[in-house]
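Nothing in this text is a laboratory measurement; each read-out follows from the coordinates by a stated rule. Predicted model only: the values in this text are computed from it and were never measured. Counting neighbours? That spans all protein chains shown, and the Cβs are built from the backbone with ideal geometry, glycine included.
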Amino acid sequence: MARILAIDFGEKRTGIAVTDPLQIIASGLTTVSTTELLEYLRDYVSKEEVELIVIGQPRRMNNEFSEVEQKIQHFINILNKELPQIAVTRVDERFTSKIAFQSMLDGGVKKKDRRKKELLDKVSATVILQSYLYNR
């Protein structure tokens, strides 16, 4: 089996999480600058077998898409051209940041480390991936 990779896309930074090859455990991988995301993904899939990329779908409480959705759609179009062998799916990402922050609190992450937005982005990507694995 191949890994599943999840993305919490942001305008500045993007959190990335990945499963183990058996697709059982979701783990935070890294946070990269969004401008370097495509390059990072190309490099990662050249070293690891990835069968699916899950990208968070940001929605507001009234079910409308947030402003960043246009940028995500643009990125997906590029991603489909650059890595056509890897399927892309979307997962509703409402509340993932809150869930990620609560997970860090519950996990005993120190206040100093909780302030690092990079960590929150990586944990949010993990929450998106866990949501996908749970509901597939």
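Using the number of other C-beta atoms within 10 angstrom as an exposure proxy, rank 8, 43 with the fewest first.
Working: 8 29, 43 11.
Final ranking by Cβ density, sparse to dense: 43, 8.
Within region 35-97, report the trypsin sites (Lys or Arg not before Pro) that DSSP leaves as loop and that have at most 11 other Cβ atoms within 10 Å.
Details: sites: 42, 47, 59, 60, 71, 81, 90, 94; in loops: 60, 94.
Hits after loop and neighbour filter: 60.
On a full-extension model of 0.36 nm per residue, what is the gain between residue 38 and residue 64, subtracting their alpha-carbon distance, rounded to one decimal in nm? If you can, show how the numbers build up before the last one.
On the way: separation 26, 0.36 × 26 = 9.36 nm, distance 2.65 nm.
Fully extending the segment from residue 38 to residue 64 adds 6.7 nm.
Based on the alpha-carbon gyration tensor of region 26-96 and its eigenvalue square roots a ≥ b ≥ c, which shape applies: rounded if a/c is under 1.5, prolate if not and a/b is larger than b/c, or oblate?
Since a/c reaches 1.5 and a/b is larger than b/c, the shape of region 26-96 is classed as prolate.
What length, rounded to one decimal in nm, is gained on full extension from residue 83 through to residue 47, with 0.36 nm per residue of separation minus their alpha-carbon distance? Present the calculation step by step, with values, prior to reporting the outcome.
Numbers: separation 36, 0.36 × 36 = 12.96 nm, distance 1.36 nm.
Going from the current span to full extension adds 11.6 nm.
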